[in-house]
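Notes for the one structure printed next.
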Amino acid sequence: MKSAFPDITRIAYEGAQSKNPLSFKHYNAAEVVEGKTMHEHLRFAVVYWHTFRGTGSDPFGAGTMQRPWDDGSNSVVNAQNRARVAFEFIQKLGAPYYCWHDRDVAPEGATLAESNKNFDAVAKVLKEEQKRTGVKLLWGTANLFSNPRYVHGASTSCNADVFAYAAAQVKKAMEVTHELGGEGYTFWGGREGYQTLLNTDMKREQEHLARFLHLAVDYKKKIGFKGQFYIEPKPKEPTKHQYDSDAAACLNFLREFDLLPHFKLNIETNHATLAGHTVQHELETAGAAGALGSIDANTGDELLGWDTDQFPTNIYLTAYTMLSVLKYGGFTTGGVNFDAKVRRESFEPVDLFHAHIGGMDAFARGLKLAAAIRKDGRLAAFVADRYASWDKGIGAKIESGKATMKELETYILKKGEAAANTSGRQEFLENLINEFI
Ligand code: XLS
Ligand code: NI
Ligand code: NI
């Protein structure tokens, strides 16, 4: 096959002094940080949907992307050819993983049977290319939001047939993920939410969503798929209110319906912003519950209130993200998945390289900064010291569950007043972080 990127060879690590834009300045796959290589820590993944299916269209204008390898048709041959191009790109970039939706990789047919046939024909090429390049599938997912049948949602649709269709689609997407050795499978609630409560039985819809996920758990066991299931929180867009609105809402939902042992969370930066949280908040919420699974790495724009899915380049963002990831033991099945797209104005194929190189370098710096902050130890020591009153005396007694209300009353009556508070030292800590960044 003719090369789609003939002028580009494998992107190499050239170090921070390099002026070559098509090189890594910080991502050195073999470099060891906290006992693991950067490759093992970061587990970068390229998304198929934005990178190979994004056209650059917006509500005001047509697509702009120059993708000379794509004949623009909906044929299986074009999809197979596109898959080979995707692997040339991922291999030249040196990312170890990729992710897809069923409908990104293969064209939807007139019937489910035809769609499945198309999917199998493209999956065959994906499998060959995985084998040829060593690139692996981080996770697969099903697109349960683009087709007009999903107008009222998929598993939360008022139409039971739509639930059945969505289940059939997930069944197939799980099978293909399994066949391709995928390390995970993601559920993002595309239109699982509502526009108005006037027409919505929210309780019933949420029960249906839980039923759907239980069916997936059962089927996973049935086919022997060992990958990790993820839920990806997002508060809005496309619906006004999505049920998987943020990490805390997802955890509560999973607990309520006895699903928590089967799922972890896939935290997306831009979704955290839309939920009115920082991504660190979401990572800490997931991590504290033992459910930090993977991340969709991107960034939003504070001036724009939607999911702009920009590539992450902010070093504070990546450093804070990696601080949380390292704190909770690093990725096991998950990774840093670039759910991000080049801007409509960045329409040349080479922009795909610039975007990913920038994101990978930003995360490599974030990893190194987080490791340096941890090695220095002053931040962790400050936090530990701040809670020192819980390590002994009355604090330790409360934490161990042995103190009663009566006893606490006696304690304070005797003491007269609580021990003096100390400063939170926010500015001092912000300065401390700036010593590293
Ligand atoms: C949309 C989501 C989506 C999921 C996969 O906002 O981020 O891309 O990651 O369905
Ligand atoms: Ni995402
Ligand atoms: Ni998103």
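Projected area of the chain, taken from the Cα convex hull and averaged over every viewing direction, in nm²?
Mean projected area for the chain: 25.2 nm², to one decimal.
Suppose a student asked you for the relative contact order of the chain, using Cα pairs under 8 Å spaced at least 6 residues apart; what percent would you report?
Result for the chain is 16 percent.
How far is helix 76-93 tilted off the main Cα axis of the chain, in degrees rounded to 10, range 0 to 90?
The angle comes out at about 50 degrees.
Could you check how much of the accessible area of region 336-437 is carbon and sulfur, as a whole percent, using a 1.4 Å probe?
With neighbouring chains kept in place, the figure for region 336-437 is 55 percent.
Net charge around Ile8, counting only other residues with Cβ within less than 13 Å of its Cβ (Lys, Arg = +1; Asp, Glu = -1)?
So the surrounding residues net to -2.
With a cut-off of 8 Å between alpha carbons and a minimum separation of six or more residues, what is the relative contact order of region 244-359 in percent?
Worked out over region 244-359, it gives 24 percent.
Quick check: at a probe of 1.4 Å, how many percent of the accessible area of region 201-293 sits on carbon and sulfur atoms?
Carbon-and-sulfur percentage of accessible area, whole number: 50.
Please report, in whole Å, how far the alpha carbons of region 262-312 spread along each principal axis, starting with the longest.
Projected onto the principal axes, the Cα atoms of region 262-312 cover 35, 17, 16 Å.
Taking square-rooted eigenvalues a ≥ b ≥ c of the alpha carbon gyration tensor, is region 1-140 rounded, prolate or oblate, where a/c under 1.5 means rounded and, failing that, a/b exceeding b/c means prolate?
Prolate shape, in that a/c is at least 1.5 and a/b is the bigger ratio.
Give the value in nm², to one decimal: projected area of the alpha carbon convex hull of region 128-176, averaged over all directions.
Mean shadow area of the hull around the Cα atoms is 4.1 nm².
From the helices alone, meaning DSSP H stretches of at least four residues, give me the mean residue ellipticity at 222 nm for the chain, per-run term -39500 (n - 2.57), in deg cm²/dmol to the nearest 500.
Estimated from H runs of four or more residues: -14000 deg cm²/dmol.
Ordered by packing density, taken as the mean number of other Cβ atoms within 10 Å over each peptide's residues, highest first, how do 289-302, 61-74 rank?
Final packing ranking: 289-302, 61-74.
Using a probe radius of 1.4 Å on heavy atoms only, what accessible surface per residue do you get for the chain? Whole Å² is fine.
48
Using only Cα atoms and rounding to the nearest 10 degrees, what angle (0 to 90) does helix 279-288 make with the longest principal axis of the chain?
Taking Cα atoms only, the helix is inclined about 70 degrees.
Given charges of +1 on the Cβ of Lys and Arg and -1 on the Cβ of Asp and Glu, with all other atoms neutral, how large is the dipole of the chain about its Cα centre, in debye to the nearest 20?
Dipole magnitude for the chain comes out near 980 debye.
What part of the accessible area of region 53-113, given as a whole %, is carbon or sulfur when the probe is 1.4 angstrom?
Its accessible area is 56 percent carbon and sulfur atoms.
Take the alpha carbon gyration tensor of region 228-324, find the square roots of its eigenvalues, order them as a ≥ b ≥ c, and report rounded if a/c is under 1.5; if not, report prolate when a/b exceeds b/c, else oblate.
oblate
Taking the Cα centre of region 307-416 as the origin, how large is its charge dipole in debye, to the nearest 20, when only Lys and Arg (+1) and Asp and Glu (-1) carry charge on their Cβ atoms?
Rounded to the nearest 20 debye, it is 780 debye.
I need the Debye-formula profile for region 333-437: one equal scatterer per C-alpha, no solvent, reported as log10 I(q)/I(0) at q = 0.22, 0.23, 0.24 1/Å, two decimals.
Cα-only, vacuum Debye calculation for region 333-437: -1.14, -1.19, -1.23.
Whole number please: convex hull volume per residue of the Cα set in region 75-150, in Å³?
Once divided by residue count, the hull of region 75-150 is 84 Å³.
Show me, bin by bin at 10 Å from 0, the whole-percent P(r) of region 356-403 based on Cα pairs.
24, 25, 22, 18, 10, 1
How big is D, in µm² s⁻¹, for region 242-291 by Stokes-Einstein at 4 °C and 1.567 mPa s if Rh is the Kirkwood radius over C-alpha pairs?
In µm²/s, the coefficient rounds to 120.
Compute the angle between helix 112-133 and the longest alpha-carbon principal axis of the chain, please, reported from 0 to 90 degrees and rounded to the nearest 10.
The answer is roughly 80 degrees.
Using a Gaussian network model on the chain with a 10 Å cutoff between Cα atoms, which of Trp306, Trp49, Trp390 fluctuates the most?
The residue with the greatest mean-square fluctuation here is Trp390.
Which entries of Lys392/Lys415; Lys127/Lys221; Lys92/Lys236; Lys234/Lys341 show an alpha-carbon separation above 25 angstrom in the structure shown?
Table pairs above 25 Å Cα-Cα are Lys92/Lys236.
Find the all-direction average of the projected area of the Cα convex hull for region 82-203, expressing the result in square nanometres with one decimal place.
8.1
The values are calculated or read from the model by the stated rules, or taken from the named source; none is laboratory data. What you are looking at is a predicted structure, and each value in this text was computed from that prediction instead of being measured. Here the Cβ is made from the backbone with ideal geometry for all residues, glycine too, and neighbour counts use every protein chain on show. These area figures cover heavy atoms from the full protein model, side chains too; ligands, DNA and RNA do not enter into them. Shrake-Rupley method; radii C 1.70, N 1.55, O 1.52, S 1.80 Å.
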